[in-house]
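Enquirer: Here you go, one structure.
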Amino acid sequence: VGSGTRNPTGISLTPSGNFAYVANRGSSPSVTVVNTVTNAVAATVTSSNVPYALGGAIQRPLFGQGSIATGQYHSCRVRADQTVDCWGRNDFGQATAPAGTFTQVVAGSAHSCGLRTNGSVSCWGNNVYGQATPLAGTNFQRLASGARHVCGVRTDSSVACWGENDQGQATPAAGTNFQDIAAGSSHT
């Protein structure tokens, strides 16, 4: 693919992984389609502009995949089938998601929590401050995670929190008029 007047500058795979699109710069700018099963060039499409890289125009691997969350050294996402997968640092198990179906996932410093489709919460990872021990019940509708605490909006629009509370970050505001929630490192 890169021989002669071509200089590969980017590659993108189809979701199945059966084809690769290679952006080629140089005197003959093109995009080469490679069948990764047979390792044969399936097609070469000449380009009037020099392709520098490939991205969203060819493949969007997270498109339609639901929410994504990033922790300190790990990330998780809710897939289209409502399962959760995580990747990155896993020294506390923060990137080992449980089975089941979820509508949302949040990530903290070294823990993750997911809002299950039945409204309950499951957490995994570091639990030194109780951040991976969610409150019981099936009445949550939104979650937010800070570094070492988690808060959620309940179905009655009140807020409940758990985990580290040295700055008052896990002391929920009173009231029942909350629709959404967000958290920073040590505040909510």
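Enquirer: Check GLN94, GLN82 and return the single one that is closer than 16 Å to ARG116 by Cβ, part of a loop (DSSP other than H, G, I, E, B) and at pLDDT 90 or above.
Expert: Details: GLN94 fails: closer than 16 Å to ARG116 by Cβ.
Exactly one residue qualifies, and that residue is GLN82.
Enquirer: May I pose another question? Tell me, which residue of segment 143-188 that is acidic (Asp, Glu) and touching a residue at least 24 places away in the same chain (Cβ under 8 Å) is surrounded by the most Cβ atoms within 10 Å (Cβ to Cβ)?
Expert: Step one: filter segment 143-188 for residues acidic (Asp, Glu), giving 156, 164, 166, 180.
Right, trim to touching a residue at least 24 places away in the same chain (Cβ under 8 Å) and you get 164, 180.
Values: GLU164: 20, ASP180: 8.
Of everything passing the filter in segment 143-188, GLU164 is surrounded by the most Cβ atoms within 10 Å (Cβ to Cβ).
Enquirer: Taking the stated definitions as given, is GLY137 open to solvent by 20 Å² or more (accessible area, probe 1.4 Å), part of a loop (DSSP other than H, G, I, E, B) and modelled with pLDDT under 95? Quick ask: steps written out before the conclusion?
Expert: On the way: open to solvent by 20 Å² or more (accessible area, probe 1.4 Å): yes; part of a loop (DSSP other than H, G, I, E, B): yes; modelled with pLDDT under 95: yes.
So GLY137 passes the test.
Enquirer: Being open to solvent by less than 60 Å² (accessible area, probe 1.4 Å) and among the small types (Gly, Ala, Ser) is the filter here, so list the residues in segment 65-105 that pass it. Break it down stepwise before answering.
Expert: Taking segment 65-105 as the starting set, the residues that turn out to be open to solvent by less than 60 Å² (accessible area, probe 1.4 Å) are 65, 67, 69, 71, 74-78, 83-86, 88, 93-95, 97-98, 100-102, 104-105.
SER67, ALA69, GLY71, SER75, GLY88, GLY93, ALA95, ALA97, GLY100 - these are the residues of segment 65-105 that are open to solvent by less than 60 Å² (accessible area, probe 1.4 Å) and among the small types (Gly, Ala, Ser).
Enquirer: Tell me yes or no: at least one residue of segment 37-45 is modelled with pLDDT under 75 and loosely packed, with under 15 Cβ neighbours inside 10 Å. Outline the logic, then answer.
Expert: Our first condition is that a residue be modelled with pLDDT under 75; within segment 37-45, this holds for none.
Looking through segment 37-45, none of the residues is modelled with pLDDT under 75 and loosely packed, with under 15 Cβ neighbours inside 10 Å.
Enquirer: Right, another one. In the set GLY125, GLY184, GLY88, GLY175, which member is modelled with pLDDT of 95 or more and among the small types (Gly, Ala, Ser)?
Expert: Details: GLY184 fails: modelled with pLDDT of 95 or more; GLY88 fails: modelled with pLDDT of 95 or more; GLY175 fails: modelled with pLDDT of 95 or more.
That would be GLY125, the only listed residue that is modelled with pLDDT of 95 or more and among the small types (Gly, Ala, Ser).
Enquirer: Residue check, TYR21 against (1) farther than 30 Å from ASN127 by Cβ; (2) in contact with a Leu (Cβ under 8 Å, 6 or more places away or on another chain); (3) open to solvent by less than 40 Å² (accessible area, probe 1.4 Å); (4) modelled with pLDDT of 75 or more, all met but one. Which one?
Expert: (3)
Enquirer: Are any residues in segment 122-134 assigned to a strand (DSSP E or B) and crowded, with 23+ Cβ neighbours inside 10 Å, and if so, which ones?
Expert: Once the filter is applied, which keeps residues that are assigned to a strand (DSSP E or B) and crowded, with 23+ Cβ neighbours inside 10 Å, segment 122-134 yields CYS123, GLY125.
Enquirer: Within segment 100-130, which residues are within 18 Å of TRP87 (Cβ to Cβ) and touching an Asp or Glu at 6+ places or on another chain (Cβ under 8 Å)?
Expert: ALA110
Enquirer: Among (1) open to solvent by 30 Å² or more (accessible area, probe 1.4 Å); (2) at pLDDT below 90; (3) in a loop (DSSP other than H, G, I, E, B); (4) more than 25 Å from ALA183 (Cα to Cα), which single condition is PRO51 missing?
Expert: Against the list (1) open to solvent by 30 Å² or more (accessible area, probe 1.4 Å); (2) at pLDDT below 90; (3) in a loop (DSSP other than H, G, I, E, B); (4) more than 25 Å from ALA183 (Cα to Cα), PRO51 comes up short only on (1).
The values are calculated or read from the model by the stated rules, or taken from the named source; none is laboratory data. Computed from a prediction, not measured in an experiment: that's the story for all the values here. Don't worry about glycine lacking a Cβ; one is built from the backbone with ideal geometry, like all the others, and counts go over all protein chains shown. Ligands, DNA and RNA are excluded from the accessible area calculation, which covers all protein heavy atoms including side chains. Shrake-Rupley method; radii C 1.70, N 1.55, O 1.52, S 1.80 Å.
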